[in-house]
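Chemist: What follows is a structure written as structure tokens; I'll ask about it next.
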Amino acid sequence: MKTYRLLVYITNGFLMLFWLAGCQPSKMKIAEDSQCKEEHAHSHEHGHHHGKEGHEHNAHHGGCLNAIVTCENGHAEVKITEDIIQCWFVGGGSDTGKATPIGDKSITISITTAGSTLINTLVLQAKPLVLAEETIGHCSYFEGKAPWLKGITTFTATGTVQSFRGKTVPLVIEFPKGYDPD
Amino acid sequence: MSLGAALLVAVVSLREQAHRNFIQEGLGVDAVLGPKGSPLQIILNALYHLDEMPGKIKWTYYEAVLKDPIVEEGIPFITGHSYGGFRVNAIAERFFTDFEYVPGKHFSLDPRSGGQGRLFAARDEAVVGWAAARALKLRLGDSFNPVCGVHSGDPVHEHDQIQFVGIIAPTGTPHDRAIYIPLKTFFTLEGHGNEVAVMATDPAQREISGAYLKIKRIRGGALHPDIQNLKYTINQSSKAQCVIPNEVLPQLFGIIGWADRVLFAMALLVSLLSVAFLFTSLVNALRERRRDLALIRSLGANRCIVFGLIITESLVITAFSAIIGLVFGHVLVGLGAHYVDIETGLRFSAFYFSPLDYLLLPVMLLLGLLTAIIPGIQAYRLGVLKNLTQIS
């Protein structure tokens, strides 16, 4: 009887261990995470902290998200690569993976860099995404290039979008932390 | 114990090989350009010849994608036909010369690799994967009429006789289970109607099921990082989508992964219960043999030797169980691999050794040692005089 009681205790102990062993990260997740170690070639989206607190949205191009008036209205995802500023207009809320074409052919922004009072002007030109069936006047991607952009890692920019969902809206960009008035 | 060990070995081996087969770098495909619809459905159809493509894409759109700077190459294909239960896919010829089904490996028709014949060169010629040829008992020169559909009862192209001119050497991939015809043959099959026939000569009208895309590499062989931009851009289109296999397949494993976790848990439970039964049998055996052990003690063996006898007995049992379980587990994998190969074309090997195979013997010996400690201590504390008392 004593032996059987001992056997029951041991079996229960093994079962407990087995249950705890099940609470391990799956090999698949480890395989997925290991993909992050490849230089630049990981195939999941960047999650960027949108603003000061709380909600996160995915910036699909690795840039920073800037709310157009409000977060739910839409975003301008901005990225700077060497001397080029890239800007994608995307959806609001969690729809940051969906392009939002606008009617503007170009957008003029005023840029202030950290530690400087100098205001530079840059024109972002519409570059339609052909594979997304965009055209000038129905375009979600804009690009602006200037030699003085090289080496800039922090800046603030303001401008106006004439036709975002049919309305004229202010454009505020805070790079790299993003702009979220909510 | 052997059964538990065999189940563990088989489950882990099958799980790891399945993972490797499904994930092996997306079966040579960096991305699939397909119609709007379920990404998983597109991958299952394009790579595994299962399910159906949810639509078609325009040839002109495919050509526009090829112009993207990061796209190195595209191989268009059309699915939707079958023969004898195997999919008949129309595909560009360079699929057999340029496409690497795993990095560094191309399809082969070389007899030294197990292939036969040659690539198709005419409208009414086909090549077949090794597994499909074996299942259908096909030989070079045999001919068939493709079925317009993938379900039983679908109409047959009765006036289109296509001859097998090549059998592809085994690749261990689902491509072994497919039959391939020239891309333009699809448009000229009788019964498709004029709107399909005109696609053979007019690219503006042409539609395909999809295309395998090869993306340029950067240093270190990594995929070009702009693949995500390409995917984003194409997915904004109303006409097509870009699916990356290595993103979709882990989701598939996430859905079905619970099944192998349950199997693994059951195998682990059987093993642990068998250890518990070993403990019980050692304790019972000790009770039955206490007189014998007392006799051994009286003949000069000290307590440590008696303790060692119990430990050794347990270790021998677990060692034999581990070895038998290891062998039996691989036999189970071999038996299962045969049926998986028939059904999916994916090859599993009975000679695949997972890390568990190397750990099995040491772990089971350790468990045997731990199991034998309590009976060993009981044997150690056995009273000689008390147990030598005559039983009347």
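The values are calculated or read from the model by the stated rules, or taken from the named source; none is laboratory data. This one's a predicted model, so the numbers in the text were calculated from it and none came from an experiment. Note: ideal-geometry Cβ built from the backbone for every residue, glycine included; neighbour counts use all protein chains shown.
Chemist: How many residues does segment B:142-171 hold that are surrounded by fewer than 14 Cβ atoms within 10 Å (Cβ to Cβ), touching a Gly at 6+ places or on another chain (Cβ under 9 Å) and either in a strand (DSSP E or B) or of a type in the set (Gly, Ala, Ser) (or both)?
Modeler: Adding up the residues that qualify gives 1.
Chemist: Specify which of the listed residues (A:150, A:127) is at pLDDT 95 or above and assigned by TED's automatic domain parsing to the domain that holds residue A:88.
Modeler: Numbers: A:150 fails: at pLDDT 95 or above.
Residue meeting the stated conditions: A:127.
Chemist: While we're on this one: For residue A:115, only one of the following conditions fails: (1) over 17 Å from the mean Cα position of the chain (by Cα); (2) farther than 30 Å from residue B:238 by Cα; (3) assigned to a strand (DSSP E or B). What is its number?
Modeler: Result: residue A:115 passes all but (3).
Chemist: Tell me, yes or no, whether segment B:69-89 has at least one residue that is in a loop (DSSP other than H, G, I, E, B) and over 28 Å from the mean Cα position of the chain (by Cα).
Modeler: Quick first cut of segment B:69-89, residues in a loop (DSSP other than H, G, I, E, B) only: B:69-70, B:84-85.
Checking which are over 28 Å from the mean Cα position of the chain (by Cα) leaves us with B:69-70.
Yes, there is a match, as at least one residue in segment B:69-89 is in a loop (DSSP other than H, G, I, E, B) and over 28 Å from the mean Cα position of the chain (by Cα).
Chemist: Among the strands (runs of 3 or more DSSP E) contained in segment B:176-295, which hold 3 or more residues that are more than 7 Å from chain A (Cβ to nearest Cβ) and aliphatic (A, V, I, L, M)?
Modeler: B:178-182, B:210-215
Chemist: Pairs, please: C-beta under 8 Å, at least 6 apart or cross-chain, first residue within 16 Å of residue B:370 (Cα to Cα) and in segment B:299-313, second among the aromatic types (Phe, Trp, Tyr)?
Modeler: Final answer for the pair search is B:307/B:380.
Chemist: If you don't mind, there's one more thing I want to ask. Yes or no: residue A:153 assigned to a strand (DSSP E or B) and either over 21 Å from the mean Cα position of the chain (by Cα) or on the phi < 0 side of the Ramachandran plot (or both)? First the steps, then the outcome.
Modeler: Details: assigned to a strand (DSSP E or B): no; either over 21 Å from the mean Cα position of the chain (by Cα) or on the phi < 0 side of the Ramachandran plot (or both): yes.
Answer is no for this residue.
Chemist: In segment A:116-166, which residue that is aromatic (Phe, Trp, Tyr) and closer than 19 Å to residue A:63 by Cβ is nearest to the other protein chains (Cβ to nearest Cβ)? Break it down stepwise before answering.
Modeler: So in segment A:116-166, the residues aromatic (Phe, Trp, Tyr) come out as A:141-142, A:148, A:155, A:164.
Remaining after also requiring closer than 19 Å to residue A:63 by Cβ: A:141-142, A:155, A:164.
Values: A:141: 8, A:142: 14, A:155: 22, A:164: 17 Å.
This residue is A:141.
Chemist: Now a separate question. Give the residues of segment A:62-98 that are small (Gly, Ala, Ser) and more than 24 Å from residue B:234 (Cβ to Cβ), sorted by residue number. Steps first, answer last, please.
Modeler: Applying the first criterion (small (Gly, Ala, Ser)) to segment A:62-98 yields A:62-63, A:67, A:74, A:76, A:91-94, A:97.
The answer is A:67, and nothing else.
Chemist: Considering only segment A:115-131, how many residues are among the aliphatic types (A, V, I, L, M) and over 30 Å from residue B:60 (Cβ atoms)? Walk me through how you get there before you give the answer.
Modeler: We begin by selecting, within segment A:115-131, every residue among the aliphatic types (A, V, I, L, M); these are A:118-119, A:122-124, A:126, A:129-131.
Those left that are additionally over 30 Å from residue B:60 (Cβ atoms): A:118-119, A:122-123.
Total satisfying the criteria: 4.
Chemist: Which residues, taken from segment B:110-143, are over 30 Å from residue B:197 (Cβ atoms) and in contact (Cβ under 8 Å) with a residue 40 or more places away in the chain?
Modeler: B:110, B:113, B:114, B:115, B:116, B:130, B:131, B:135
Chemist: Okay, next question. Name the residues in segment B:1-37 that are under 22 Å from the mean Cα position of the chain (by Cα), farther than 21 Å from residue B:324 by Cα and at pLDDT 85 or above, would you?
Modeler: B:29, B:30, B:31, B:32 - these are the residues of segment B:1-37 that are under 22 Å from the mean Cα position of the chain (by Cα), farther than 21 Å from residue B:324 by Cα and at pLDDT 85 or above.
Chemist: Pairs only if they're at least six apart or on different chains, beta carbon under 9 angstrom, first in segment B:144-169 and farther than 13 Å from residue B:126 by Cβ, second aromatic (Phe, Trp, Tyr) and assigned to a loop (DSSP other than H, G, I, E, B); list them, first residue then second.
Modeler: B:169/B:107
Chemist: Another question, then. May I ask you to say which residue of B:122, B:46, B:64, B:90 is crowded, with 16+ Cβ neighbours inside 10 Å and closer than 19 Å to residue B:161 by Cβ?
Modeler: Values: B:122 fails: crowded, with 16+ Cβ neighbours inside 10 Å; B:46 fails: closer than 19 Å to residue B:161 by Cβ; B:64 fails: closer than 19 Å to residue B:161 by Cβ.
Answer to the check: B:90.
Chemist: What number goes with the only condition from (1) loosely packed, with under 15 Cβ neighbours inside 10 Å; (2) closer than 25 Å to residue B:230 by Cβ; (3) of a type outside the set (A, V, I, L, M) that residue A:151 does not pass?
Modeler: (2)
Chemist: Please go through segment A:91-112 and give me each residue that is of a type in the set (S, T, N, Q), surrounded by fewer than 15 Cβ atoms within 10 Å (Cβ to Cβ) and assigned to a loop (DSSP other than H, G, I, E, B), ordered by number.
Modeler: Within segment A:91-112, A:94 is the sole residue that qualifies.
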